[in-house]
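Below is one structure, written out as structure tokens, with a few remarks after it.
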Amino acid sequence: MITVGLTGGIACGKSTVAALLAGAGVPVLDLDQVSREVVAPGTEGLAEIAGRWPDVVHDGALDRKALGARVMGDAATRRELEAITHPRIWAAMEAWLAAQTAPAVVVEAALMVETGSWRRYDKLLVVTCTPENQRRRLAAREGYDAETVEKWLAAQLPLAEKERLASAVIRNDGGPEQLAAATQKAWAELTGAATPAAR
């Protein structure tokens, strides 16, 4: 089984590519979703976070924006958080992988390159776009002002560094049809097989 790590810059279209692959029958695990599940209300993960940063937990639930503001630009705090969440995330991922029977699967995560976890997979697929499109999409999607957009971009590695590590790159600067075609092409390059939708 080929494992493909899927990542990209914020607002570049990673989740759209994941949805295209899932819609074509490729098993996809969203580690960002898993990261939310391991700190859901009532979990040991959330209890550990509450013990370390009580102000980011309200009414028994994680205030993700407050936590994001705390770790943004603070590498030491981010490492503390990762020490709580990452072992739980990896355990969930390994259980999911063990249950798969497809010839190739995708694990999707936003900070795969930043954390070094891209090395866990056989191939790395990076979704990218021009910096101008990235800023415009992020501002439109989240309602951020220019200063906040730049803070979020600064919290991730430059797109060029992610592209340098990639086994294949999908450039998402066109419309939906172009993205779908680029996704099929990249998948064929990575696995030697067309997606079901492309056959």
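A few remarks follow.
- Taking (1) closer than 18 Å to Lys14 by Cα; (2) modelled with pLDDT of 90 or more in turn, Thr191 satisfies each apart from (1).
- Taken together, Gly68, Gly73 contain a single residue that is in a loop (DSSP other than H, G, I, E, B) and over 30 Å from Ala104 (Cβ atoms), which is Gly73.
- Matching residues, region 5-44, being in contact with a Lys or Arg (Cβ under 7 Å, 6 or more places away or on another chain) and over 29 Å from Glu132 (Cα atoms): Val38
- Taken across region 54-64, residues that are in a helix (DSSP H, G or I), under 26 Å from Arg137 (Cβ atoms), out of contact with any Cys (no Cβ under 7 Å at 6 or more places or on another chain) and not assigned by TED's automatic domain parsing to the domain that holds Glu189 do occur, with at least one present.
- Residues that are more than 15 Å from the chain's Cα centre (by Cα) and among the polar types (S, T, N, Q), drawn from region 4-52: Thr43
The values are calculated or read from the model by the stated rules, or taken from the named source; none is laboratory data. Keep in mind the model is a prediction, meaning the values are calculated, not measured. Methodologically, a virtual Cβ is constructed for each residue, glycine included, from the backbone with ideal geometry; neighbour enumeration extends over all protein chains shown.
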